[in-house]
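The block underneath contains the structure these notes are about, expressed in structure tokens.
Only the coordinates and a few stated rules stand behind these numbers; no lab work does. Note that the structure is a prediction, hence the values are computed from the model and not measured. No Cβ is skipped: glycine too gets one built from the backbone with ideal geometry, and neighbour counts run over all protein chains shown.
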Amino acid sequence: MRKILLHTKCYRMAMFMAIACVGLLSASAASVSVLHAGYCEGQASADGTIVYNDASQVSACVLLDDSTMSRFAGNQVIAIDYYLISKLSISSLTLWVRSTPDGANLVEKTLTKSQLVRGWNRTTLDTPLDIDGKSLYVGYSYTQSRAAYVVATATGSHAGGLLLKADDGEWSESTGSVLALECEVSGSNMPQWDARIEAMNFSQDSIKLGQPIGVSGVLRNVACQPFSSLNVTCTSEGMSSMTFTVPLDSEVSYRDSCIFGFSFLPNYTAANGAIDVTVTIDQLNGNNDQFAANSTWQSDYAAMEHDFRKNMLIEEFTSEYCLYCPNAAARLAQALAECPNSHHAVVACHHAGFHSDDFTTDADWPLAFWFSLTGNPMFVYDRSQFGDSYAFNPSDYQDFIDAINYVTATPADVEVNVFATVDKQAHTITAVVNGDLGSNFSDSNPNITVYLLENKVLAKHQLNQYKDTIDGFLHQHVLRGYNDCWGVPLDVSTGSYSYTYTFNYDPDVNDYNNLYVAAFVSQYGTETDQRKVYNAGQIAMKYLGVHVAADDDVLVGDVNADGVINISDVTALIDLILGDGTIPSDTFKRADVNGDGVVNISDVTALIDLILK
């Protein structure tokens, strides 16, 4: 089980050996003299959820614990920043700092309604409060003439991050958010060099012996001095520590973040599972990171004799006459958009099981019959049984995510690499599939199946649950070609294999940018339960970039539109994701790297994979 000691939200992305860092934010780098103690990171939600109908006084505070305040020992709290959703019903508000939630005020300041504003307020303390490094409760109490939404929160979770009280009642802790309040700290003993790990991850859970493993993470500058390089120490169980100098592409100022990455080569000669690794940010610009507690991450990986990443085959059985299929397809699409491992899910759609339509091929019905699928929508994953049947039809998209995460967590015993070349004049796509076998692969007579699939295919007369035709409905993962219904025998006698198959495509029917080739190696037994898929792979034609571009075509992945796909596009893509959500149509086409109709962190992973290829 992976152990995460420090994290907020885990961004999973495959980093590679040459990548150093991509800045998330690029504000002008400068040292600062004032830092903030709190958990809201300067953010606040203007949507109120906290209201007390029968109280005349409401109090809210945050516990700034020892680990938070010890960083500021020897300095002073000079001001308090806090966000108010409304001030209309406030008669007065008193800011205070205490050692205990109901203790005496160490400092306090009362303000009238006219001294407050809706939004962020900054109140300077008349007498700065000396910090001894011990925990403090910081908050406010306000009197209200009637019930009102005043208390603002921010996204986050921290013990003591939001404590509430009405009149003389008991304090209660609210979880799932933190109080939008921070202390401003200044003095002669300020933290100068400190990077906090926001998220960290391995590029994969396991590696093949003799191959490097990548580590990537997100850091936030939480001290006065900007930095542009890191010294990172990686300690792996049973090995000497390794130190890496990681240059960043720009200076990172206080409160800004950056992505960084490096890779290391484990020195093992035999398989070893659950190898503990500790990564520590030691230095920033050659200066020691002053607080190791927030700059250390621990996890584990496995070194394998072989390490073939498992990709899951999901087969959807649908029909345009199926009234409930559009909703099922939407659940799958949402899962693929939100699942961090969605790029390891290979999806193929068969129009069979209930009714044939214009998209049904000769390969669809034999599959439906074999797996006893007598209705739609139905899904089959890896042609394996789900309970006592093959039908898998989740009512919640999260079930798809759970299945993908579960199936892809264990390495496969056979490798499936998919490549393709295109003859744009003959309109042919030649798929080349190859791979090695693991020592545990025991099937001497497997089959290989190769599909040509297409996304965003305009429906002819897709019905909804009210039996109305849905105008503009787009089918995804439509089967357009195949080598054989159940594939063909694959020669694996040498411990590896290679297979080639050529498809024809019609540019008047098929949109090249939406075509992709999928391949999978499977059993081919005589019993129903002997057709299991061992592993799968896929490649999208738009990644090849060899077709003749129409006027409205864009180079997918070229987010900054400079005509080249490189690390600068990763920076531009992250800026889009962190932006206000407004993305022009042309830019959206460039940024939706995995073609799922959503621009999110999964596209960062896909873009890095694309650069590696």
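For the chain, a crude dipole built from +1 on the beta carbon of Lys and Arg and -1 on the beta carbon of Asp and Glu, taken about the Cα centre, is about 1100 debye to the nearest 20. Each residue of the stretch 604-610 was assigned a 3J(HN,Hα) from its phi angle through the Karplus expression (A = 6.51, B = -1.76, C = 1.60, θ = phi - 60°), giving 5, 4, 4, 5, 5, 4, 5 Hz with x at Gly and Pro.
Each principal axis of the Cα cloud of the chain was evaluated for its coordinate range; sorted largest first, these ranges are 81, 63, 51 Å. Considering every Cα-Cα pair within the stretch 72-154, what fraction, in whole percent, is farther apart than 19 Å? Looking at the stretch 72-154, the distances longer than 19 Å represent 40 percent of pairs.
Electrostatic tally near Ile90: other residues with Cβ closer than 14 Å to its Cβ, Lys and Arg +1, Asp and Glu -1, net +4. Its Cα centre serving as origin, the stretch 312-543 has a Cβ charge dipole (Lys and Arg +1, Asp and Glu -1) of approximately 240 debye. When the chain is described by a simple charge dipole with +1 on each Lys and Arg Cβ and -1 on each Asp and Glu Cβ, the residue from Thr410, Leu576, Tyr505 located farthest towards its positive end is Leu576.
Under the classification rounded if a/c is under 1.5, otherwise prolate if a/b is larger than b/c and oblate if not, where does the stretch 312-543 fall, given a ≥ b ≥ c as square roots of the Cα gyration tensor eigenvalues? Here the stretch 312-543 falls in the oblate category.
Excluding Ser257 itself, what net charge comes from residues whose Cβ is under 11 Å from its Cβ, given Lys and Arg +1 and Asp and Glu -1?
Neighbourhood net charge equals 0.
Over all directions, the projected convex hull of the C-alpha atoms in the stretch 35-186 averages 7.8 nm² in area. Karplus-based coupling profile of the stretch 217-225, in residue order and whole Hz: x, 10, 10, 10, 6, 10, 9, 6, 8, with θ = phi - 60° in 6.51 cos²θ - 1.76 cosθ + 1.60 and x standing for Gly or Pro.
Treat the count of other C-beta atoms within 10 Å as a stand-in for reagent exposure and order His461, His477, His306 from fewest to most.
His461, His306, His477
Considering only Gly525, Asn445, Ala330, and ranking their Cα positions along the charge dipole of the stretch 312-543 that arises from unit charges at the beta-carbon of Lys, Arg, Asp and Glu, the one farthest toward the positive end is Ala330. Computed from Cα atoms, the angle from the helix 567-577 axis to the main principal axis of the chain rounds to 70 degrees.
Helix 325-338 axis versus longest C-alpha principal axis of the chain: approximately 60°, rounded to the nearest ten. Ordered by the count of other Cβ atoms within 10 Å of each Cβ, fewest first, Asp562, Asp443, Asp364, Asp609 give Asp562, Asp609, Asp443, Asp364.
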